[in-house]
Amino acid sequence: SGICFGLALISWPVAGIFTVASIFFIFWKFLNKPVIAAQAALLIIVGAALPVLPITAHNVKHGQFVFISDNGGRNFYVGNNENWQETMFVRPGHRWQSVVTLPYRLYGEDEVNRAGASPLFFKISSDYIKKEPLNYIKGEIIKLYQLLYGYEIMNPTDMYFFKRYSPTLNALIFQNEFVKFPFGLLLPIAVLGIIRSGRSDYNSGVLMIFLLSGVAAI
């Protein structure tokens, strides 16, 4: 399990939330057996570290003490700023370059080299949240609605546009004001899975931790 956590962290670093939550879950599950819980937690930590350490060593060798990736702050900024509905759709090119270089324009190269770009992106977003808390909350509500509705940011093409050129796709793919198919089916199918897994306390607990961790990360 630990090695699987490590492999997940490499491809999706925010899986770290699920990793930490799972360790707490183990201690809660084996509340009366702290030695077993500690052994299991240690095995998960060691297993997760094995795939990650080579990447960390590579980063350190190239002058950056970063465990996996330092793009967390940039990703957070893209969805949390006063123009997030625009920055969410920016793709590689001139406009994307203007986003990733924002800390340099605001704070200067020396400060970026000293503090790192990722912490500065977090600072820009946190300043926006403190300044415009109501707009931030409104944005979170909109994003939650889009998540439940089945909204998908297409990259690089929108299949809902191209379906008009294919009778097969046109029959299988549709959207209206309530749901998008097929993306909009993920939620009801997930609800059925959660209900079914509820028959097993252990599996249900792990599943809910995974889902809540994913929501928190998103």
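Worth pointing out:
- Filter result (outside any helix (DSSP H, G or I) and loosely packed, with under 11 Cβ neighbours inside 10 Å) within region 159-218: N176, E177, F178, R199, I218
- Pairs linking a residue in region 47-64 that is closer than 15 Å to P13 by Cβ to a residue that is open to solvent by 80 Å² or more (accessible area, probe 1.4 Å) and part of a helix (DSSP H, G or I), with Cβ atoms under 6 Å and 6 or more positions apart or on different chains, are P51/L7.
- Residue list for region 85-125, filter: open to solvent by less than 30 Å² (accessible area, probe 1.4 Å), farther than 30 Å from I141 by Cβ and modelled with pLDDT of 90 or more: G108
- Of all residues in region 126-135, those being touching an Asp or Glu at 6+ places or on another chain (Cβ under 9 Å) and open to solvent by less than 90 Å² (accessible area, probe 1.4 Å) number 3.
- Candidate set: region 68-84, residues that are among the charged types (D, E, K, R) and closer than 19 Å to V112 by Cβ; chosen: the one modelled with the highest pLDDT: R74
- L147 at pLDDT below 75 and out of contact with any strand residue (DSSP E or B) (no Cβ under 7 Å at 6 or more places or on another chain): no
- Residue that is β-branched (V, I, T) and surrounded by fewer than 14 Cβ atoms within 10 Å (Cβ to Cβ), where the choices are V52, V35: V35
- Qualifying residue in region 20-30 (condition: in a helix (DSSP H, G or I), in contact with a helix residue (DSSP H, G or I) (Cβ under 8 Å, 6 or more places away or on another chain) and under 30 Å from K138 (Cβ atoms)): yes
- Some residue of region 77-84 being closer than 30 Å to C4 by Cβ, open to solvent by less than 60 Å² (accessible area, probe 1.4 Å), touching a residue at least 60 places away in the same chain (Cβ under 8 Å) and in a helix (DSSP H, G or I): yes
- Candidates N71, N135: the one that is closer than 24 Å to T56 by Cα and polar (S, T, N, Q) is N71.
- Residue check for G139: small (G, A, S), over 20 Å from D70 (Cβ atoms) and out of contact with any strand residue (DSSP E or B) (no Cβ under 7 Å at 6 or more places or on another chain): yes
- When region 87-108 is filtered for residues that are touching a residue at least 24 places away in the same chain (Cβ under 8 Å) and part of a helix (DSSP H, G or I), the ones remaining, listed by number, are V99, V100, L102.
The values are calculated or read from the model by the stated rules, or taken from the named source; none is laboratory data. Since this is a predicted model, take the numbers as computed values, not measurements. Reconstructed Cβ throughout: ideal geometry from the backbone, glycine too, with neighbour counts over all protein chains shown. Only protein heavy atoms, including side chains, enter the accessible area calculation; ligands, DNA and RNA are left aside. Shrake-Rupley method; radii C 1.70, N 1.55, O 1.52, S 1.80 Å.
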